[in-house]
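Input: a single structure, listed below in structure tokens.
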Amino acid sequence: LHLVVVGAAPSVPGALAERVHALGWVEDMPALYHGASFLLHPSRYDPCSLVVLEALACGLGVVTTRADGAAQFVTPERGAVVEAADDPALVAACRRLCDPAEAAAAQAAAAGFCRTWEQVARDLLEAATSA
């Protein structure tokens, strides 16, 4: 199991360096999405995470929190949504998707999420007005 951290990331202690890879800012995110088993986005607050929408659009399962507005698009088949402060649930969801069969099933379900930006905007507006 390897954890790849993208964006502003702290340095990785030597003991973890073999399994934790801090890449910093990355231009070609789709390449990372296609090479990953799943996306972990443990947001404490995000009105609508673009990274979650991108991952789903690339056919990648997602583990995120209810504090992320994009969580409404993460169905149980596409991954998992847990409470923001529930670290044990977050770990359990990640463990589930570490199983290659579970990750493949989430990826297949996520592939059905692909849509145009106009469709995404329409879905978000509909969700905002129905809340």
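Over the C-alpha atoms of the chain, what are the Rg and the largest Cα-to-Cα span, Dmax, in Å?
14.7, 49
Of the listed peptides 84-92, 41-49, what is their order by residue-averaged count of other C-beta atoms within 10 Å, with the highest listed first?
Result, highest mean first: 41-49, 84-92.
All other residues with a Cβ under 13 Å from the Cβ of residue 57 taken together, and with Lys, Arg as +1 and Asp, Glu as -1, what is their net charge? List each step's numbers first, then the result.
On the way: positive: 78, 115; negative: 54, 123.
With Lys, Arg at +1 and Asp, Glu at -1, the neighbours total 0.
When the label point is put 7 Å from the Cα of residue 45 along its Cα-to-beta-carbon vector, which residues of region 81-121 have a backbone N closer than 19 Å?
82-87
Do any GluC sites (Glu not before Pro) in region 20-127 lie in a DSSP loop with no more than 15 other beta carbon atoms within 10 Å, and if so, which?
Those that pass, being in a loop and sparsely packed, are 27, 77, 83.
Find how much the distance from residue 21 to residue 3 grows on full extension, using 0.36 nm per residue of separation minus their present alpha carbon separation; answer in nm with one decimal. Before the final figure, lay out each step's value.
On the way: separation 18, 0.36 × 18 = 6.48 nm, distance 0.62 nm.
Here the answer is 5.9 nm.
Determine the per residue accessible area of the chain with all protein chains present and a 1.4 angstrom probe, expressed in square angstrom.
Working: 7870 Å² over 131 residues.
On a per-residue basis, 60 Å².
Which whole-Hz couplings ³J(HN,Hα) result when phi for each residue of region 32-44 is put into the Karplus expression 6.51 cos²θ - 1.76 cosθ + 1.60, θ = phi - 60°, listed in order with x for Gly and Pro?
My calculation for region 32-44 gives 5, 4, 6, x, 9, 7, 6, 9, 9, 10, x, 5, 8 Hz in order.
Can you pull out the trypsin sites (Lys or Arg not before Pro) in region 78-125 that DSSP calls coil and that have at most 16 other Cβ atoms within 10 Å?
On the way: sites: 78, 95, 96, 115, 122; in loops: 78, 115.
Sites meeting the loop and neighbour criteria: 115.
I need the shape label for region 37-96. Rule: rounded when a/c is under 1.5, else prolate if a/b > b/c, else oblate, with a, b, c from the alpha carbon gyration tensor.
Because a/c hits 1.5 or more and a/b fails to exceed b/c, region 37-96 counts as oblate.
Pop out the ³J(HN,Hα) list for region 23-29 in order, Karplus 6.51 cos²θ - 1.76 cosθ + 1.60 with θ = phi - 60°, rounded to Hz; leave Gly and Pro as x.
Each residue of region 23-29 in turn: 8, x, 7, 10, 7, 9, 5 Hz.
May I ask you to derive the FRET efficiency for residue 118 and residue 77 from their Cβ-Cβ distance with R0 = 22 Å, giving the value to the nearest 0.05?
Working: r = 24 Å, r/R0 = 1.10.
About 0.35, to the nearest 0.05.
The values are calculated or read from the model by the stated rules, or taken from the named source; none is laboratory data. If you're wondering where the values come from, they're calculated on a predicted model, not measured in any experiment. A quick note on method: Cβ atoms are made from the backbone with ideal geometry, for glycine too, and the neighbour counts reach across all protein chains shown. The area values use the complete protein model at the heavy-atom level, side chains included, leaving out ligands, DNA and RNA. Shrake-Rupley method; radii C 1.70, N 1.55, O 1.52, S 1.80 Å.
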